[in-house]
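Visitor: Below are the structure tokens for one structure; questions will follow.
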Amino acid sequence: MLELRINGFGGQGSVTLAHLLAQAALENGEQGQALPFFGVERRGAPVRAAVRMSPTTIHAHSQCELPDYVVVMSEKLIEEAVSEGITATGTVIINAPHAVAVGKHPTWQVDAEAIAREAGLFSADGLFINIPLFGAVCRVLNIPQKVMEQTILNKWPGSNGELNLGAARRAYNTVTQVEDSGFNMKVGCW
Amino acid sequence: MKAAQVTMETGAHAAALAVKSARVDVVPGYPITPQTSIMEAVAEMVENGELHARFIPVEGEHSAMAAAVAASAAGARVFTATSANGLLYMHEVLHMASGGRLPVVMCNVNRGIFAPWTLWADHQDSMAQRDTGWIQYHCSSNQEVFNTILQAFRVAEQINIPVMVNFDGFTISHCLMPLTVPPQEEIDRFLPPHEPEWRLDPAHPSSFSNVTNAPEYAPFRQMLSDDIMAAIPLVKQAAQEYKDITGMWDGDTIDTYRLEDAEVVAFAVNSMAAELRLSVDILREQGIKAGLLRPRLYLPFPAEDIINALPQNAQVMVLDRNYNFGHPGGILAAELKSVLFGRRNDITVKNRVMGIGGIDLTRRFMADEIRAMMDD
């Protein structure tokens, strides 16, 4: 069973991102689960969501305390997200405009904001960065591009789907693994 | 024959789809977190014509259950849903439904109760309704919620007793999982249209639930008590026939995992009992012969099935997500001890309360708790 946690801010679309990933698991012939943590939501407050994928029935119903993957929707949350829990060899996927590495964790970076802006994915709060992040996470999880695209088209048939598809595809193909850049977990800076 | 459809649904939406599949006639509804998503989905289905039912928006839960009672007495198949303080506000009318022998089915999406306010799950709300004369299921997955609502209608209408289908707020109600919806013809075969023996009908006026003298009142109450106990074989039959038709099985009165040779048995309900399967695997890896017994039916409490299922000399670790105020520990432990007394003196029962107000119950935490309880 693969476990993944999304750390973001309220309004960034982490619930939809979790739903898309769970739906992609089903589209990929596996079982999927999206379990967002619903608190007393406020825009801008830190939020999290759990995602699980497994070839067999998923019985877990807790938040992912020790996930294999952590998706960080904002650079500002890196330290908080990682210190909340990740396996020793867990992978981190970060939305950032530049390369960021997190200690010894394999780290991937994607500029979801720039991709969303270029694709014209404007939301009431800014940008739909969850769409490119979905593409990027699928790539890191080795979910076939076709499965990723079908998941988007299932959810948004029509022109919205096409718009989202372009952004997700771009992220799928530009997310890159980062060399160790020496992020210091203890002090939370480079 | 059409194949079953698998889609990704939240637990709340799974409940709404079951309401649609059951071809419910009347749905009175009042919103309360985390149940609201069920009523929103059902209202939408009624609005867009997917479900041919009357949706009655009311001004509170007491009225929601009053409307459910009236519609059921008029012969309709009735569903409603609530949570926490909404359920408590219904308390008086819950007795009206059971005493009136009305087969209403209600989802209670478990949430801790006020005060202080909490939005998240524990089981104080449903277990506080123990003595209302309702049958109570507790479900541990989205699929089980769907399956159980259909089984609940069948049992309720066979025996004229209302049924409460409980599941955890957020960890089930807002959790997106694959859901298999069997073809409608299979569901129709399992759950035929509701044909009450009696109904309120303006064309044939009659009185209902009038004042009774003790010689009439007492037999009514005795009958209710006897019939609730008689629900156990019907619950088993419903689970078995549902399996024969759809191929799906969640257990009948109880559900077990790695129980046969277990020396340490985890005993819990709802979503924590699903997670406990993973705790059992962890404990097994550590060399502890662990197993799980999950009562799917909380009321009537499946005493005989529990007594027969527990391995010899087992230590039973009851993990209660509620308080039994006035006693140490929780309600499930007290129920279990009462049925084991004098019947299974080889069994040791230990108990801890956890997960109150939605505190996250992880597989590792519960495995650690169970290991620690071995030394209690």
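Visitor: As a test of the formula, what do you get for chain A when each DSSP H run with n ≥ 4 contributes -39,500 (n - 2.57) and the sum is divided by the residue count, at 222 nm and rounded to the nearest 500 deg cm²/dmol? Walk me through the intermediate numbers first.
Guide: Numbers: 6 runs with 66 residues, N = 190.
Computed mean residue ellipticity for chain A: -10500 deg cm²/dmol.
Visitor: A further question on this structure: Using only atoms on other chains, find how many Cβ atoms lie within 10 Å of each Cβ of peptide A:52-60 and report the average.
Guide: Working: counts 2, 0, 0, 0, 0, 6, 6, 12, 8.
The shielding value for this peptide is 4.
Visitor: Would you mind estimating how fast the stretch B:201-357 diffuses translationally, via Stokes-Einstein at 10 °C and 1.306 mPa s with the Kirkwood radius over Cα pairs, in µm²/s? If you can, show how the numbers build up before the last one.
Guide: Values: Rh = 17.9 Å.
For the chosen part, D equals 89 µm²/s.
Visitor: For peptide B:171-182, how many partner chain Cβ atoms fall within 10 Å of a residue's Cβ, on average?
Guide: Numbers: counts 7, 2, 1, 6, 9, 13, 11, 10, 0, 0, 0, 0.
Other-chain Cβ atoms within 10 Å of each residue's Cβ, averaged: 5.
Visitor: To the nearest 500 deg cm²/dmol, what mean residue ellipticity at 222 nm is calculated for chain B from DSSP H runs of n ≥ 4 alone, each contributing -39,500 (n - 2.57), summed and divided by the residues?
Guide: After summing the helix terms and dividing by the residues of chain B, the value is -13000 deg cm²/dmol.
Visitor: Each residue of the stretch B:112-122 in turn: what ³J(HN,Hα) in whole Hz from Karplus with 6.51, -1.76, 1.60 and θ = phi - 60°, glycine and Pro shown as x?
Guide: For the stretch B:112-122, the Karplus curve yields x, 10, 5, 10, x, 5, 9, 9, 9, 6, 8 Hz.
Visitor: Okay, moving on. Residue-wise, which Karplus ³J(HN,Hα) couplings in Hz belong to the stretch B:360-370, taking 6.51 cos²θ - 1.76 cosθ + 1.60, θ = phi - 60°, and x for glycine or proline?
Guide: Working through the residues one at a time gives 5, 10, 8, 4, 5, 4, 6, 5, 4, 4, 5 Hz.
Visitor: Here is a follow-up. Restricting to bridges with both residues inside chain A, how much of the DSSP beta-bridge set is antiparallel, in percent to the nearest 5?
Guide: Expressed as a percentage, antiparallel bridges in chain A total about 65.
Visitor: Where does each of B:261-268, B:94-101, B:8-15, B:205-212 land if you order them by average Cβ count within 10 Å, highest first? Working shown, then result.
Guide: Details: B:261-268: 22.1, B:94-101: 20.6, B:8-15: 27.0, B:205-212: 8.6.
Highest-to-lowest ranking by the protection proxy: B:8-15, B:261-268, B:94-101, B:205-212.
Visitor: Please report the spacing between the Cα centers of the stretch B:31-104 and the stretch A:29-55 in Å, no decimals.
Guide: Answer, in whole Å: 29.
Visitor: Tabulate in residue order the Karplus-calculated ³J(HN,Hα) for the stretch B:325-339, using 6.51 cos²θ - 1.76 cosθ + 1.60 with θ = phi - 60°, rounded to whole Hz; enter x for Gly and Pro.
Guide: The phi angles translate into 4, x, 10, x, x, x, 6, 4, 5, 5, 4, 5, 4, 5, 7 Hz.
Visitor: Next question, about the same structure. Ranking request for peptides A:5-12, B:171-178, A:80-87, B:362-369: highest mean number of other beta-carbon atoms within 10 Å first, then the rest in descending order. Display every interim value, and only then the final one.
Guide: Values: A:5-12: 22.8, B:171-178: 25.9, A:80-87: 17.2, B:362-369: 19.0.
Per-residue Cβ counts within 10 Å, averaged per peptide and sorted highest first, yield B:171-178, A:5-12, B:362-369, A:80-87.
Visitor: Counting DSSP beta bridges in the stretch B:5-246, what percent are antiparallel, to the nearest 5? Let's see the in-between values first.
Guide: Working: 6 of 25 bridges.
Of all bridge pairs located within the stretch B:5-246, approximately 25 percent are antiparallel.
Visitor: Measuring from centroid to centroid over Cα atoms, what is the spacing of the stretch B:233-299 and the stretch B:301-352 in Å?
Guide: Using only Cα atoms, the two centres lie 15 Å from each other.
Visitor: Moving to a separate point now. Taking the alpha-carbon set of the protein assembly as shown, what are its Rg and Dmax in Å?
Guide: Cα-based Rg and Dmax for the protein assembly as shown come out at 25.0, 85 Å.
Visitor: Something else now. Given H placed 1.01 Å from N in the peptide plane, which residues other than close sequence neighbours of residue B:299 have an amide H under 5 Å from its amide H?
Guide: The list, which skips near neighbours in sequence, is B:136.
Visitor: Also: For the peptides B:16-22, B:85-91, what is the packing order when you average, over each peptide's residues, the other Cβ atoms within 10 Å and list the highest mean first?
Guide: Details: B:16-22: 24.9, B:85-91: 21.1.
The most tightly packed comes first, giving B:16-22, B:85-91.
Visitor: Inside 10 Å of the C-beta atoms of B:265-276, what's the mean count of C-beta atoms belonging to other chains? Please report the intermediate quantities before stating the final value.
Guide: Details: counts 0, 0, 0, 0, 0, 1, 5, 2, 2, 6, 4, 2.
Per residue, the average neighbour count from other chains is 2.
Visitor: Please compute the Kirkwood hydrodynamic radius of chain B from all pairs of different C-alpha atoms, in Å with one decimal. If you can, show how the numbers build up before the last one.
Guide: Details: mean 1/r = 0.0476 Å⁻¹.
Kirkwood radius, chain B: 21.0 Å.
Visitor: Leaving out same-chain residues fewer than 8 places away, which lysines sit with a Cα under 18 Å from that of residue A:76?
Guide: Hits, sequence-local ones excluded: A:186.
Visitor: Obtain the nm distance between the two label points defined at residue B:346 and residue B:217 by a simple spin-label model: each point lies 7 Å from its Cα along the Cα-to-C-beta direction.
Guide: Result: 4.7 nm between the two label points.
Visitor: Near residue A:104, which aspartates and glutamates are there with a Cα under 18 Å away, not counting those fewer than 8 places off in the same chain?
Guide: Residue A:104 reaches A:68, A:75, A:79, A:80, A:84, A:179, A:180.
Visitor: Nearest-5 percent of antiparallel DSSP beta bridges in the protein assembly as shown?
Guide: On the way: 34 of 79 bridges.
Here the share of antiparallel DSSP bridges comes out near 45 percent.
Visitor: Please say if the stretch B:58-169 is rounded, prolate or oblate, where rounded means a/c under 1.5 for a ≥ b ≥ c the square roots of the C-alpha gyration tensor eigenvalues, and otherwise the choice is prolate for a/b larger than b/c and oblate otherwise? Kindly include the intermediate steps, with their values, before the conclusion.
Guide: Values: a/c = 1.88, a/b = 1.25, b/c = 1.50.
In terms of gyration-tensor shape, oblate.
Visitor: How do A:61, B:62, A:98, A:105 rank when sorted from fewest to most other Cβ atoms within 10 Å of their own Cβ? Please list the in-between numbers first.
Guide: Details: A:61 31, B:62 16, A:98 10, A:105 20.
Result, fewest neighbours first: A:98, B:62, A:105, A:61.
Visitor: Once you put a point 7 Å from the Cα of residue B:131 and another 7 Å from the Cα of residue A:118, both along the Cβ direction, what distance in nm separates them?
Guide: 6.9
Visitor: Mind telling me which of B:325, B:301, B:55 comes out most flexible in a GNM of chain B, alpha-carbon contacts under 10 Å?
Guide: Maximum fluctuation in the GNM of chain B, among the listed residues, is at B:325.
Read-outs throughout are calculated quantities, based only on the coordinates presented, and are distinct from any laboratory measurement. Predicted model, so just to flag it, every value in this text is computed and none were measured. FYI the Cβ positions are ideal-geometry reconstructions off the backbone, even for glycines, and counts take in every protein chain you see.
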